[in-house]
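Encoded as structure tokens, the structure appears first; notes follow it.
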Amino acid sequence: MRAFQILIDGFAISALYALGATGFTLIFGVSGVLNLSHGAIMVAAAVAAWAAASILNVGTYAGALIGVAVALLTAFATYFAVVKPIQDSRRIPNEEKEIFVLTGTLLWGIMIQELIAYFFTNNAKTVLPIVEGVVEILGVRTPKNEIFTAIVCCLVIALLWLLVNRTRTGKAVLAASMNPRGVTLLGLELTNIYVVVWAIYGILAGIAGVLLGMFLGVSSYSVGPLTASAFSIVVLGGLGSVSGSLIAAFVVGYLETLTAYLVSPAYRTIPALLLLVFVMYIRPQGLLGRR
């Protein structure tokens, strides 16, 4: 029974990690940006959903939508106020722009974290679940919200796959990730593609943040661990590889779940970090990254 409980819990947290890491990977693959404010955007979505449902009493569904909308707006603010000005700057040498973007998004994430702490304190907050109650599966009592979380994450990832591979917009995004110069030669505006990618990222981060708030709860202290987790998953899977990130998310998710159950929740992140170091030593490009 315990093994089945680990299987269920591990799948739910892995699906959440996969959803968050997919957006993180997408913007790196297309625009080359490692967004270190990722965790702050997820937490902002969760806190906004909590505040809307618990303080403003707008209802659980409306609160969740507000949380996703806040993440979308924050993602746009990250791109237009932090990333784009650095990328367009003529004063910063091209070879130094990546480090400026890393620093800029890191500081932006810290600003968001401090704003959340100032207005909503550092206390943990749990978003009201959309699906309440408990269901018994093979003798194991499992919250319905946990199953709902896993299903939504898988559906959203499947919809993203359809968008990228079956629509004109998605194919433009895919082409931009492979050959940005070729896209411009075809008459497509890279800036418009970047805006679309950041919009997709904001929605994915928002959904992941709201679901995380319902599943585990969040606080301003969650910003750093969430960013580090996404970064580890993306590096482990291979920078720019969505499929690699999906595999890495489930590896990390189950490693953390096993550690939490068999050792202690306080040490749940250590095995995944050790695995990351090992993989980077024997295969620096990650599981499915390009050489």
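The values are calculated or read from the model by the stated rules, or taken from the named source; none is laboratory data. This one's a predicted model, so the numbers in the text were calculated from it and none came from an experiment. Neighbour counts are summed over all protein chains in view; Cβ atoms, including those assigned to glycine, are modelled from backbone coordinates with ideal geometry. Please note that ligands, DNA and RNA were not included when accessible areas were found on the heavy atoms of the full protein model with its side chains. Shrake-Rupley method; radii C 1.70, N 1.55, O 1.52, S 1.80 Å.
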- Message: With the requirement that a residue be hydrophobic (A, V, I, L, M, F, W, C), open to solvent by less than 10 Å² (accessible area, probe 1.4 Å) and assigned to a loop (DSSP other than H, G, I, E, B), what does segment 7-38 give you?
- Response: V33
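Do we find that F76 is without any contact (Cβ under 8 Å) to a residue 12 or more places away in the chain, of a type outside the set (G, A, S) and open to solvent by 20 Å² or more (accessible area, probe 1.4 Å) in this structure? Spell out how you get there, then give the answer.
Values: without any contact (Cβ under 8 Å) to a residue 12 or more places away in the chain: no; of a type outside the set (G, A, S): yes; open to solvent by 20 Å² or more (accessible area, probe 1.4 Å): yes.
Taking the combined requirement at face value, the residue does not satisfy it.
Kindly provide the set of residues from segment 135-157 that are surrounded by 15 or more Cβ atoms within 10 Å (Cβ to Cβ) and not in a helix (DSSP H, G or I), ordered by number. First the steps, then the outcome.
Keep residues of segment 135-157 that are surrounded by 15 or more Cβ atoms within 10 Å (Cβ to Cβ), which gives 140, 142-143, 145-150, 152-153, 156-157.
Passing the criteria: V140, T142, P143.
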- Message: On the basis of being open to solvent by 60 Å² or more (accessible area, probe 1.4 Å), of a type in the set (A, V, I, L, M, F, W, C), touching a Gly at 6+ places or on another chain (Cβ under 9 Å) and in contact (Cβ under 8 Å) with a residue 40 or more places away in the chain, does L160 make the cut?
- Response: no
- For segment 39-65, the count of residues that are out of contact with any strand residue (DSSP E or B) (no Cβ under 6 Å at 6 or more places or on another chain), of a type outside the set (A, V, I, L, M) and either assigned to a helix (DSSP H, G or I) or open to solvent by less than 10 Å² (accessible area, probe 1.4 Å) (or both) equals 5
- Selected residue (criterion: farthest from A53 (Cα to Cα)) from residues of segment 105-134 that are open to solvent by 70 Å² or more (accessible area, probe 1.4 Å), assigned to a loop (DSSP other than H, G, I, E, B) and of a type outside the set (G, A, S): N123
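Here's the yes/no breakdown for (1) in contact with an Asp or Glu (Cβ under 6 Å, 6 or more places away or on another chain); (2) among the aliphatic types (A, V, I, L, M); (3) modelled with pLDDT of 95 or more:
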{"position": "L26", "(1), (2), (3)": "no, yes, no"}
{"position": "V30", "(1), (2), (3)": "no, yes, no"}
{"position": "V33", "(1), (2), (3)": "no, yes, no"}
{"position": "W50", "(1), (2), (3)": "no, no, yes"}
{"position": "S54", "(1), (2), (3)": "no, no, no"}
{"position": "A69", "(1), (2), (3)": "no, yes, yes"}
{"position": "Q87", "(1), (2), (3)": "no, no, no"}
{"position": "R91", "(1), (2), (3)": "no, no, no"}
{"position": "N94", "(1), (2), (3)": "no, no, no"}
- Message: I'm trying to understand the selection: among the residues of segment 17-34, which are within 13 Å of A199 (Cβ to Cβ) and of a type in the set (V, I, T)?
- Response: I27, V30
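Only one residue in A205, A175 is touching a residue at least 24 places away in the same chain (Cβ under 8 Å) and among the hydrophobic types (A, V, I, L, M, F, W, C), so which one is that?
Values: A175 fails: touching a residue at least 24 places away in the same chain (Cβ under 8 Å).
So the residue among A205, A175 that is touching a residue at least 24 places away in the same chain (Cβ under 8 Å) and among the hydrophobic types (A, V, I, L, M, F, W, C) is A205.
Take the conditions in contact with a strand residue (DSSP E or B) (Cβ under 8 Å, 6 or more places away or on another chain) and either at pLDDT 85 or above or within 16 Å of G23 (Cβ to Cβ) (or both) and apply them to T142. Does it pass?
yes
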- Task: Please specify each residue of segment 66-78 satisfying the condition of being under 16 Å from L34 (Cα atoms) and either out of contact with any Gly (no Cβ under 9 Å at 6 or more places or on another chain) or outside any helix (DSSP H, G or I) (or both).
- Result: A77
